[in-house]
Amino acid sequence: MTSRLKTTARMPIAVFGAGAIGRMHIERIQSHPDVCLSGIADPSDAARELAADLNVPWFSDPLALLENTKPEAVIIATPNQTHTSAGLACIARKLPFLVEKPIAHTLESGAQLCRAADTAGVPVMVGHQRRHNPILRRAKALVQQGLLGRPVTATAMATWLKPDEYFQMEWRRKPGGGPILINMIHDIDLLRFLLGEVVSVQAQTSSAIRGFEVEDTASALLRFENGALAALNVSDAAVAPWNWDFAAGEASHYAKQDVDAIFITGTEASITLPQLQIFSFKEKRGWHEPLTQERTPLHRGDPYVAQLTHIRAVAEGHEMPVCSGWDGLQTLRTTLAVHEAARSGQTVQITPA
């Protein structure tokens with residue numbers, strides 16, 4: 001690849017949106033050796049105070065930030081329906097950017113963003129940060145090396161209890177604010193990353209526990225192009241530890257649980273995540289024979305820190321996006337198919353992005 005930029009100091013990155021995920025990015029940027037914060041765009045008083053505390057420029061509007069500062073990359077962590085307009089503003093200025101998942105609030109607007117970026121030659125990254133976790137990178141390498149043989153099944157759980165105050169924000173009680181688009185989308189992206197493309201989806205949802213307009217529980221069955229089947233269960237109304245966030249220990253505000261949440265089987269072996277337990281036969285094969293269990297613990301790595309390193313490398317032309325705009329759009333397409341399948345009661349076929 002040819003180099004786009006030749007920054008030698010810490011690369012200035014602007015952040016649009018200073019909500020929970022925006023603040024997480026800002027916190028990592030502050031201590032990162034390769035990037036620095038060039039400014040914050042967010043209309044809230046809390047964001048203005050945060051910018052003052054950090055001694056960086058603050059603007060209520062992203063366009064004003066772009067016109068008055070000189071970032072070399074942007075992180076978009078604003079509400080979903082603003083992702084496309086914010087991304088187009090970056091593209092117009094030839095600024096590489098990472099947009100938080102989902103890439104957009106509709107498939108049409110996401111495709112518009114990707115086409116515009118392709119035409120302008122501007123790299124787009126989608127914030128599926130798990131792809132930067134050393135655990136998932138190791139699992140990806142093992143699958144590519146043929147550890148599983150032919151993939152057969154996957155089971156993924158994202159079950160936990162979100163507190164009542166979480167739902168004080170009205171959008172979290174409305175369609176689009178539930179655990180399918182907030183939580184299950186991550187497991188779908190993880191399984192796509194490991195196993196390849198999904199070709200069809202079946203699903204059911206329920207709001208029986210909380211009684212909101214949006215689902216609190218959902219189950220989905222995915223069929224992959226290679227023939228593997230995956231069962232996904234998600235609920236934000238269940239007292240349970242089985243989810244990637246608790247098990248992987250990516251964020252300090254969750255108490256880490258010594259459990260697995262994802263189980264993948266194949267014709268030669270199976271693997272669990274995030275503990276990376278591997279089960280296989282070393283001699284004779286068959287259900288009467290003993291399975292060997294192996295585990296290789298990895299040093300913990302912060303995927304958000306690794307993602308920032310990646311943003312700079314992509315902006316400078318040294319790396320291709322780990323999750324490109326089109327890749328993130330296909331994860332969104334598959335996730336929205338869960339809603340469609342649950343509404344229709346039919347199997348939904350997935351077309352390529």
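What follows is calculated from the coordinates using simple rules that are stated; it is not laboratory data. Fair warning: this is a prediction, and the values are worked out from it, not measured in the lab. Cβ placement follows ideal geometry from the backbone for every residue including glycine, while neighbour counts extend to all protein chains displayed.
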The range 284-353 - Kirkwood radius from inverse mean 1/r over Cα pairs (Å) = 16.8
Would you mind giving the average projected area, over all directions, of the Cα convex hull of the range 78-211 in nm² with one decimal?
-> 10.6
Between Arg150 and His318, what length comes free when the chain is fully extended (0.36 nm per residue of separation minus the Cα-Cα distance, one decimal in nm)?
-> 57.2 nm
Where labels lie 7 Å past Cα in the beta-carbon direction, separation of Lys140 and Ala64 in nm | 3.9
Read phi for every residue in the range 137-144 and hand back ³J(HN,Hα) as whole Hz from Karplus 6.51 cos²θ - 1.76 cosθ + 1.60, θ = phi - 60°, with x for Gly and Pro.
-> 4, 5, 4, 4, 5, 5, 5, 5
Using the C-alpha atoms of the range 11-146, what convex hull volume per residue, in cubic angstrom, is computed?
-> 124
What list of ³J(HN,Hα) values in whole Hz, one per residue of the range 118-129 in order, does the Karplus curve 6.51 cos²θ - 1.76 cosθ + 1.60 (θ = phi - 60°) give from phi, with Gly and Pro shown as x?
-> 4, 4, 8, x, 9, x, 10, 10, 10, x, 8, 5
What is the gain in length, in nm to one decimal, between Glu283 and Asp164 on full extension, counting 0.36 nm per residue of separation less the C-alpha to C-alpha distance?
-> 37.6 nm
Long-range tail of P(r) for the range 225-300 (Cα pairs > 20 Å, %) = 45
Log10 I(q)/I(0) at q = 0.17 Å⁻¹ for the range 15-95, from Debye over equal alpha-carbon scatterers, is -0.60
Cα gyration tensor category, rounded, prolate or oblate, for the range 150-226 with a/c compared to 1.5 | prolate
Nearest 0.05, what FRET efficiency do Glu108 and Gln349 give at R0 = 25 Å with Cβ-Cβ as r?
-> 0.85
Given the pairs Lys140/Lys256; Lys174/Lys256; Lys94/Lys174; Lys140/Lys282, which span a C-alpha to C-alpha distance of over 26 angstrom in this model?
-> Lys174/Lys256; Lys94/Lys174
Cα-Cα pairs above 20 Å in the range 169-290: how many percent?
-> 53
Radius of gyration and Dmax for the range 223-353's Cα atoms, expressed in Å?
-> 18.7, 55
Contour minus end-to-end for Leu291 and Ala251, with contour as 0.36 nm per residue of separation and end-to-end as the Cα-Cα distance?
-> 11.1 nm
Where labels lie 7 Å past Cα in the beta-carbon direction, separation of Ala231 and Ala208 in nm = 1.7
